[in-house]
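Report on the structure given below.
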Amino acid sequence: MVYDNVEVEKPRLVRINDPTVGAGGMLLAALNIIHQKHGPESLAWVSLTGIDIDRRCARMFPVQVLSGLFVHQFQLGELVSYRGNTLGDPAEWSTVCHYSRRDLPEQPKPADHPIVKKAVAEAIIKHTTNDTTGQLALF
């Protein structure tokens, strides 16, 4: 929906969050647009974070993304999936999956690190309290 303005700048990860990830359809669409605009090598500089309160969805999302990447032999920079309530305390989120490339210039902190959860929660709050455009930037 708003991915046309996403710029992939190596060696920084472009971080895309979905606070209600479901099966990951919106994030898969984002990957598709980035792939079309910047080429398959650009996906290696993308970090996806998905959160869902439903246990099945929190597990389904990384399976969807990683299996698609495997089939097409594309590489992703990072993938994080949390099970939890994005409106609640991020300390209560549980990490379902955290994958990151081993050859990144700077390795991301573990998904369970309180700083990481706090940063994701702050990004969600920032974008949901602004306006409709801000909310769409999460997807």
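Mind telling me which of the residues VAL21, VAL80 ends up being crowded, with 20+ Cβ neighbours inside 10 Å, assigned to a loop (DSSP other than H, G, I, E, B), under 14 Å from the mean Cα position of the chain (by Cα) and of a type in the set (A, V, I, L, M)?
VAL21
Please identify the pairs in which a residue from region 59-80 that is more than 16 Å from ILE34 (Cα to Cα) has its Cβ atom under 9 Å from the Cβ atom of a residue that is open to solvent by 80 Å² or more (accessible area, probe 1.4 Å), counting only partners at least 6 apart or on another chain.
ARG59/ARG83
Only one of ALA91, ALA44, ALA23 is touching a Cys at 6+ places or on another chain (Cβ under 7 Å) and of a type in the set (A, V, I, L, M); which?
Exactly one of ALA91, ALA44, ALA23 is touching a Cys at 6+ places or on another chain (Cβ under 7 Å) and of a type in the set (A, V, I, L, M), namely ALA23.
Of the conditions (1) surrounded by fewer than 14 Cβ atoms within 10 Å (Cβ to Cβ); (2) out of contact with any Leu (no Cβ under 9 Å at 6 or more places or on another chain), PRO11 clears all except one; give me its number.
(2)
Output the number of residues of region 30-48 satisfying the condition of being within 16 Å of PRO62 (Cβ to Cβ) and in a helix (DSSP H, G or I).
Number of matching residues: 3.
Please enumerate the residues belonging to region 45-63 that are under 15 Å from TYR99 (Cα atoms), surrounded by fewer than 19 Cβ atoms within 10 Å (Cβ to Cβ) and out of contact with any strand residue (DSSP E or B) (no Cβ under 7 Å at 6 or more places or on another chain).
VAL63
The values are calculated or read from the model by the stated rules, or taken from the named source; none is laboratory data. A quick note: this is a predicted structure, and the numbers were derived from the prediction, not measured. Because the Cβ atoms are built from the backbone with ideal geometry, glycine has one as well, and the counts that use them run over all protein chains shown. All accessible areas refer to the heavy atoms of the entire protein, side chains included, with ligands and DNA or RNA removed. Shrake-Rupley method; radii C 1.70, N 1.55, O 1.52, S 1.80 Å.
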